[in-house]
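Report on the structure given below.
The values are calculated or read from the model by the stated rules, or taken from the named source; none is laboratory data. What you see is a predicted model, and the numbers here were worked out from it, not measured in a lab. Virtual Cβ from ideal backbone geometry, glycine too; neighbours counted across all protein chains shown. With ligands, DNA and RNA removed, areas are computed over all heavy atoms of the protein, side chains included. Shrake-Rupley method; radii C 1.70, N 1.55, O 1.52, S 1.80 Å.
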Amino acid sequence: MSRPRWFSVRQELTPKRSRFLGVLAFMLPLALWSLFSYIPWLWHPMVKVTAPGDVDWMRAGLLINRHDFDKEVATAQLAHTHAPVGFRANPIYFPAPHAVIRSLYTAFTTAPVLKGDLWLHQSLWMSIQTIFWGFTISSVVGIPLGILCGSFIAISRLTEPFVDFVRYMPAPAFGALMVAIFGIQLEPKIAIIVIGTFFQQVLVVANTVRKVDCALIEAAQTLGSKRRQLVLRVIVPASLPDLYNDTRILLGWAWTYLIVAEVVGVSSGISFFINQQAKYRNFDNVYAAIIIIGILGLTIDQILAFVGHRLFPWKNPRPSRIRAFLGKLFGLRPASAEKPVQLLPQ
Amino acid sequence: MSEPLPDYRDQSPAVAARFAKIKERPVVLEIDRLGRQFPGEHGPVVALHDISFKVHRREFVCVIGPSGCGKSTLIRIIAGLDEPTSGRMLVDGKETSGPCPERGMVFQGYTLFPWLTVKKNVMFGLKMQGMDGGQADREARQWIDLVGLTRFADTYPAQLSGGMKQRTAIARALAANPRVLLMDEPFGALDAQTRAQMQSHLLEIWRNVDVTILFITHDLDEAIFLADRILVLKAHPGEVQEVIEVPVPRPRNLSQLNSPEFLATRRRLEELIHPRVDAHAHEHLPIIRLTQVGDDVE
């Protein structure tokens, strides 16, 4: 048999190749980043001055435009004075990978500059609280309402036009209003997340619920299910795995709203930390904080996927990478490779 | 030259006695001048017109007809999933409408609840009727044993083959203790071999359970093999064309497929369902010859 091709339309890859590509997905951007950080003749539009020479306005450690630096060197050579010395560098907003990796640790140990500012772990905790309450409040109301909209056309007609209308209002636009109502602490931020999530959630949930196969509902009716039982015993369990996946996706959206929510009222949380660090030009800390958000989001998503797998044994939602990883680590069988039960000869 | 086929109306004494016995039993399902119209672009389209028939207790009736004759509409109306525009329906002499477990249904597309195991699927109807868990569990096990899925009681439907799914669906419908079991082309999606096994299996179940079956199919052999009587519908509008009492004796087995009574019935059904093939001669496809002269396959 010929070797399988890397690129064939809709054909499964071998597990080895698929793992390789998964690693490559992270390695490729990292490699690109490293190239531009460590190879001095790639980009590096700035010069870091090591010795100012006779140029009186320069200091050692100064980061200036390469063009300006070259002009000073040329002037110095013409005037036969000491030319400044320096090496090519990248702008401060483009730290090298090692600096960012180091600051993944040091960001937690950097003491707040101003009194009243928070440490990174405190900021993170605040953000997580905001997200948690915002998303919980939205889900507690939004998911049941969405299920009702998807089940009863009358409720859908009554609710969805208005929900659709509010959905188009950007959540941050409610910022000032929320501060007026809820004060300046966490409450208005939670409210912004609720506004940003809730209206989408109702529509997404209603759409998912509508996808429940009508034949299942009819089958349940012929078995004697009444209205209430149809919703609770058929529609809800039938759409539960998809609802769970919707919730995972919506949680990602809630993280996006977090950033705008946190500048409302008294700025706080992770986005405030990012802004402060950017102000002090600690860009490696900025990157570290952004990467930490990414890691946090991915971890929560993967935990939810792992739990989802256990919750719905009859249906595999999006496969969890953590589960696959743990499975490999401990020699467990990956769930996707589980053999179907031997079928009875007819 | 084989001997000519008997008339499909000729019944052996045993078969005639059996039909006489069936007619003495009480009528379970009565359909009385049932009609169904759908709104169409050029006025209402009549899907079913003036359908009347009676089904006796423990009778096996097949409904057959060309595509578009409204077989599925008819069974959906009887199941209560669609409303008739005229006429009425009686179960045990009482007029009824709307879905109800007394008229159980087995669908072509299985429609098992994928989040429930085989046993829980079978228990569904019992739970809906308010039976407590323990008793529902015991009853469900009986039905699962009856359809031969004992080993698969705790399996999810996704792991079952088509035939096993349909057996689960039959057990689920029977567990709710229906007066009439409605089956809408239940074996249509199965391969020929599984289908034949399911037909024998269904007859076996029917013989052992107090249930009346109304079975829709477009397969002539299936209808003759299973039915006591065959209700032949015609299309545009959907009307009862003829009711045939199948002269093939019971118990049925596959070797009867070539018996004279079977072939006679089959020929009659073909006449009714595919009338005068030459009438459609003008429908021949305008095929252009794309092969070389002399390169013929026939």
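Values computed for the structure shown
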quantity: Single condition B:G125 does not satisfy, out of (1) of a type outside the set (F, W, Y); (2) surrounded by fewer than 16 Cβ atoms within 10 Å (Cβ to Cβ); (3) in a helix (DSSP H, G or I); (4) within 9 Å of chain A (Cβ to nearest Cβ); calculated: (2)
quantity: From A:G269, A:G294, residue being modelled with pLDDT under 90 and open to solvent by less than 20 Å² (accessible area, probe 1.4 Å); calculated: A:G269
quantity: Residue ID - most open to solvent (accessible area, probe 1.4 Å), chosen from residues in region B:68-83 that are under 26 Å from B:I273 (Cα atoms) and assigned to a loop (DSSP other than H, G, I, E, B); calculated: B:G68
quantity: Residue list for region B:84-98, restricted to those being farther than 20 Å from B:H56 by Cβ and open to solvent by 60 Å² or more (accessible area, probe 1.4 Å); calculated: B:T85, B:S97
quantity: Identity of the residue in region B:74-117, β-branched (V, I, T) and out of contact with any strand residue (DSSP E or B) (no Cβ under 8 Å at 6 or more places or on another chain), that ends up nearest to the other protein chains (Cβ to nearest Cβ); calculated: B:T111
quantity: Residue that is nearest to B:V61 (Cα to Cα) [pool: residues in region B:212-245 that are touching a His at 6+ places or on another chain (Cβ under 8 Å) and either aromatic (F, W, Y) or buried (at least 21 other Cβ atoms within 10 Å of the Cβ) (or both)]; calculated: B:T212
quantity: Residue within region B:153-172 that is farther than 21 Å from B:D219 by Cα, polar (S, T, N, Q), part of a helix (DSSP H, G or I) and open to solvent by 30 Å² or more (accessible area, probe 1.4 Å) present; calculated: yes
quantity: Residue count for region A:42-91, restricted to those that are in contact with a helix residue (DSSP H, G or I) (Cβ under 8 Å, 6 or more places away or on another chain) and open to solvent by less than 70 Å² (accessible area, probe 1.4 Å); calculated: 13
quantity: Exclusive hit being open to solvent by less than 60 Å² (accessible area, probe 1.4 Å), assigned to a helix (DSSP H, G or I) and within 13 Å of another protein chain (Cβ to nearest Cβ), set A:A206, A:A288, A:A238; calculated: A:A238
quantity: Residues that are more than 10 Å from chain A (Cβ to nearest Cβ) and not β-branched (V, I, T), drawn from region B:155-176; calculated: B:K165, B:Q166, B:A171, B:L174
quantity: Flag for B:E239 being more than 16 Å from B:M105 (Cα to Cα) and among the acidic types (D, E); calculated: yes
quantity: Condition check for A:I322: of a type outside the set (S, T, Y), at pLDDT 85 or above and part of a helix (DSSP H, G or I); calculated: no
quantity: Any chance A:V209 is under 30 Å from B:P178 (Cβ atoms) and either touching a residue at least 12 places away in the same chain (Cβ under 8 Å) or in the same structural domain as A:W255 (by TED's automatic domain parsing) (or both); calculated: yes
quantity: Test set (1) surrounded by 13 or more Cβ atoms within 10 Å (Cβ to Cβ); (2) modelled with pLDDT under 90 - A:I137 fails condition number; calculated: (2)
